[in-house]
Amino acid sequence: MSVDVEALARRLADAATERRPIPMLTQSEPALDVAAAYRVQRAGIDRRVGAGDRRIGYKLGLVSRAKQRAMGVSEPLWGELTAGMLHAEDEPLAVGQLIHPRVEPELGFLIGRDIDPETASVPVVLAATEAIFPALEVLDSRYEDFRFTLPDVVADNASAASIVLGGRSLAPSALDLRLEGMALSRDGEVVDTAAGAAVTGHPAVAVAWLARVAGGIPAGSVVLSGGLTAPVPLKPGTVITADFTSVGSVTLRCGAREA
Ligand code: OOG
Ligand code: MG
């Protein structure tokens, strides 16, 4: 039995547009395995690109213990980032346009040289990385109760909604990514802390994995490492800041009212 890739991509896109969460696809589509789910994911991004959006890179997901525990899924996954997901730091996020948004702190990689899938390794990733910067990722699962299996969340482009990039960009040689510390604050109060090593022992391990499974990473890509902590729910008026040791801070402000 095969799945109707286009129809499933449309179901997910409609859920986002209508702000209406849907049951997990695997409930009605038992044939949706991880490989088919990546085809649904690609069809969803192709739809966005067809409507004028542009691919800018990749995101890793479920790579830290904190995230795997929070979501009950213990295998990593990846998704794609588009220009339409970029959200300026000083612009309030319209949380009312999302279903049940959450945010998480991540490390961003700007890839300066193509990374081949066959030779990807930590030293290769670090040599190919032009800059590291802090990021906040806003997630918004299109599924009811923010619950999913691995194929469901893969098909849903790893719950991607918006990304805020900030801080200062540093060459990877200017910091120890494993020991890059991070304090996450909500409305001025620290709610979680982590270091880069939360992501697979070293965030570049996750980026090397991405290069192997995604068929390489082209020069110019932005890659998000995956959340360092469990995600934090967003409400109107919430202000979230991630302060990092070396790469600086990034802040997300939610709009005051549901709109
Ligand atoms: C899936 C996406 C995971 C991360 O950084 O771990 C992710 C989810 O938790 O909804 O983006
Ligand atoms: Mg993430």
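Some points to look at:
- Calculated from backbone phi, Karplus (6.51, -1.76, 1.60) coupling profile of the stretch 198-210 in Hz, x at Gly/Pro: 4, 8, 6, x, 6, x, 5, 5, 5, 5, 5, 4, 4
- Local net charge near residue 240, Cβ-Cβ under 9 Å (Lys/Arg +1, Asp/Glu -1): +1
- Anisotropy class of the chain from Cα gyration tensor, a/c 1.5 cut: oblate
- Neighbourhood net charge (12 Å Cβ-Cβ; Lys/Arg +1, Asp/Glu -1) for residue 141: -2
- Summing +1 for each Lys or Arg and -1 for each Asp or Glu among the other residues whose beta-carbon sits under 10 angstrom from that of residue 48 gives 0.
- Calculated [222 nm] ellipticity per residue, helices only, for the chain: -7500 deg cm²/dmol; basis is -39500 (n - 2.57) per DSSP H run with n ≥ 4, divided by all residues, nearest 500.
- Full extension of the segment from residue 28 to residue 69, taken as 0.36 nm per residue of separation minus the current Cα-Cα distance, would add 12.2 nm.
- Additional length obtainable on full extension of the chain from residue 86 to residue 53, 0.36 nm per residue less Cα span: 10.8 nm
- The distance linking the stretch 14-57 with the stretch 174-190 is 32 Å (Cα centroid to Cα centroid, whole angstrom).
- Shape analysis of the stretch 99-252 places it in the oblate category; the axes a ≥ b ≥ c from the Cα gyration tensor give an a/c of at least 1.5, with a/b not above b/c.
- The Cα atoms of the stretch 26-151 give a gyration tensor whose axes a ≥ b ≥ c have a/c under 1.5, which makes the shape rounded.
- Inter-label distance, nm, simple model (7 Å from Cα along the C-beta direction), residue 17/residue 219: 3.8 nm
- Between the amide H of residue 191 and those of 184, 185, 186, distances stay under 5 Å, these residues lying 5 or more places away or on another chain, with hydrogens modeled in the peptide plane.
- Annotation: amide H-H contacts under 5 Å for residue 129 (H modelled 1.01 Å from N, sequence separation of 5 or more, or interchain): 112.
- Karplus-derived HN-Hα couplings along the stretch 67-75 (A = 6.51, B = -1.76, C = 1.60, θ = phi - 60°), whole Hz, x at Gly and Pro: 6, 4, 5, 5, 9, x, 10, 10, 10
Read the figures in this text as sums done on the coordinates, not as results from a lab. From a predicted model like this one, the values you see are computed outputs, not experimental measurements. FYI the Cβ positions are ideal-geometry reconstructions off the backbone, even for glycines, and counts take in every protein chain you see.
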